[in-house]
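The values are calculated or read from the model by the stated rules, or taken from the named source; none is laboratory data. A quick note: this is a predicted structure, and the numbers were derived from the prediction, not measured. Cβ: placed from backbone, ideal geometry, glycine included. Neighbour counts: every protein chain shown. Just the protein is used for accessible areas: all its heavy atoms, side chains included, with ligands, DNA and RNA removed. Shrake-Rupley method; radii C 1.70, N 1.55, O 1.52, S 1.80 Å.
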Amino acid sequence: MRKVLIVGASIGGPAVAHWLGRYGFEVTVVERAAGLRPGGQAIDVRGPAVEVVRRMGVLEEVRRRSTDLRGMSMVGENGEELFRTTDRTASGGDVDGPDVEILRDDLAAILAGAGEAEYLFGDAVVALDQDADEVRVGFQSGTRRTFDLVVGADGVHSSTRRLVFGPEEDHLRHLGSYLAVWTVPNYLGLDRWEVVYPMSGDLWGAMVMSVRGNREARVYVGFDTDVPPATFLPSDVGEQKRLVAEWFAHAGWELPRLLKHMEDAPDFHFDAMAQIHLDTWSRGRVALVGDAGYCGSPASGQGTSMALVGAYVLAGELARAGGDHAAAFAAYERELRDYVAGNQALALENQARRREQAKTGDHALPENPREVVDAYPLKDY
């Protein structure tokens, strides 16, 4: 049992590919996009995930390409500074801590380059038919191939999960918020710095950070509404941009200018803050990893770490089981269930805290509890 198809080439997919390749599996990765996807938010490698990338041999490169922020400030509607610190940032936590904040696309490129796998870009899985011996896969291109196992690492809106486990609505829990991210020129002149403009009520406000040696800046805006994604979220990117602009039409500070840059941003991303809850992360010869199986939402700050740890454990258990995928998948779930549950609970706590702060006007930065971040002790495989 050595031929494995991995669906998705963001974080979890290339990480699983690396470990399975190291254990002697024949790995193919399929990605709907024409190449590694650009853009996305700054993400965090925390706790046991730092050790995972160290064992992959890429920790030094991950640290070298980190956001390297040295502090943050908070501003009011007219740009007046309300708060400043060089101890931590809103997005990455302690400046001198052990964790690493890095852009999603930079980490994806590092992980994809760290292993040996066949990559199929510009294609997608449209059919999965499995029996006791194999999985027959139909691709959007018309190609049909057979694999021993399939791993879905294709995110919160996983097509693998939909094909094998049923409609997204059966598993997605909307947390009542939406988040948009895009790149702008660093016209604010930020130097390894982050600026937060908090608003009240349903509008979170904005966060801007300098990235890539201060050549660019990433913008984040968020707002609350309980309307579920199936009803609220347009599929067309242009419509999504218009929706975000409408919500922040009367915002102050630099938001009018940032929204103007959003119109032409090629890497704009907009989605619901949501979690995925499944009774099992595998069915037959198909397993899920990362957001596809147990998304915690950006509110947890732990999605990347869960994907990296999940990839390490899934591949390790497959190698240890010596071909018994049923035993490997069961061990994978036993190992990670408590870790995932703790991180998903952290997201709900963070959401509740943020909403209370919006009511009171208290914008103090919450601590990221280390007992959750460091909760999983890595096995040796």
(message) Suppose all protein chains stay in the model; what accessible area per residue would a 1.4 Å probe give for the stretch 147-297, in Å²?
(response) 39 Å²
(message) If I take every Cα pair under 8 Å that is 6 or more residues apart in the chain, average their sequence separation and divide by the length, what percent do I get for the relative contact order?
(response) 21 percent
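Once fully extended, how much extra length lies between R257 and R2, figured as 0.36 nm per residue of separation less the alpha-carbon to alpha-carbon distance?
Details: separation 255, 0.36 × 255 = 91.80 nm, distance 5.24 nm.
Extra length from R257 to R2 when fully extended: 86.6 nm.
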(request) Could you rank the peptides 301-312, 22-33 by their average count of other C-beta atoms within 10 Å per residue, with the highest value first? (result) 301-312, 22-33
(request) Please express the shape of the chain as an equivalent ellipsoid: the semi-axes are the square roots of 5 times the eigenvalues of the C-alpha gyration tensor, given largest first in whole angstrom. (result) 35, 22, 19
(request) Quick one: which residues, 5 or more positions from Y119 or on another chain, have an amide H under 5 Å from its amide H? H modelled 1.01 Å from N in the peptide plane, none for Pro or chain starts. (result) V29
(message) Please list, in order along the stretch 48-62, the HN-Hα scalar couplings obtained from phi with the Karplus expression 6.51 cos²θ - 1.76 cosθ + 1.60 (θ = phi - 60°), rounded to whole Hz, x for Gly and Pro.
(response) x, 5, 4, 5, 4, 5, 5, 5, 6, x, 10, 4, 4, 5, 4
(request) Scan around G39 for amide H atoms under 5 Å from its own, H built in the peptide plane at 1.01 Å from N, and keep only partners 5 or more places away or cross-chain. (result) D105
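Carbon and sulfur together cover what percent of the accessible area of the chain at a 1.4 Å probe radius? Provide the component values of the computation, followed by the final result.
On the way: 7570 of 15910 Å².
Answer for the chain: carbon and sulfur cover 48 percent of the accessible area.
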(request) List, in order, the whole-Hz ³J(HN,Hα) value for each residue of the stretch 102-110 obtained from phi through the Karplus relation with A = 6.51, B = -1.76, C = 1.60 and θ = phi - 60°; use x for Gly and Pro. (result) 8, 5, 4, 5, 5, 5, 4, 5, 5
(message) Please list, in order along the stretch 152-161, the HN-Hα scalar couplings obtained from phi with the Karplus expression 6.51 cos²θ - 1.76 cosθ + 1.60 (θ = phi - 60°), rounded to whole Hz, x for Gly and Pro.
(response) x, 10, 9, x, 4, 9, 3, 6, 4, 4
(message) How tilted is helix 237-247 with respect to the longest principal axis of the chain? Cα atoms for both, answer in degrees (0 to 90, nearest 10).
(response) 40 degrees
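Gain in length, E246 to D87, computed as 0.36 nm per residue apart minus the alpha-carbon separation, to one decimal in nm? Present the calculation step by step, with values, prior to reporting the outcome.
Numbers: separation 159, 0.36 × 159 = 57.24 nm, distance 3.50 nm.
Stretched fully, the E246-D87 segment lengthens by 53.7 nm.
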(message) Amide H of S177 versus every other amide H placed in the peptide plane: which residues, excluding those fewer than 5 positions away on the same chain, fall under 5 Å?
(response) T225, M273
(message) I need two numbers for the stretch 311-354: Rg to one decimal and Dmax as a whole number, Cα atoms only, in Å.
(response) 14.4, 46
(request) Show which aspartates and glutamates lie in cross-link reach of K379 when reach means a straight Cα distance below 20 angstrom and same-chain residues fewer than eight apart are skipped. (result) E51, D99, E317, D324, E333, E335, D338, E371
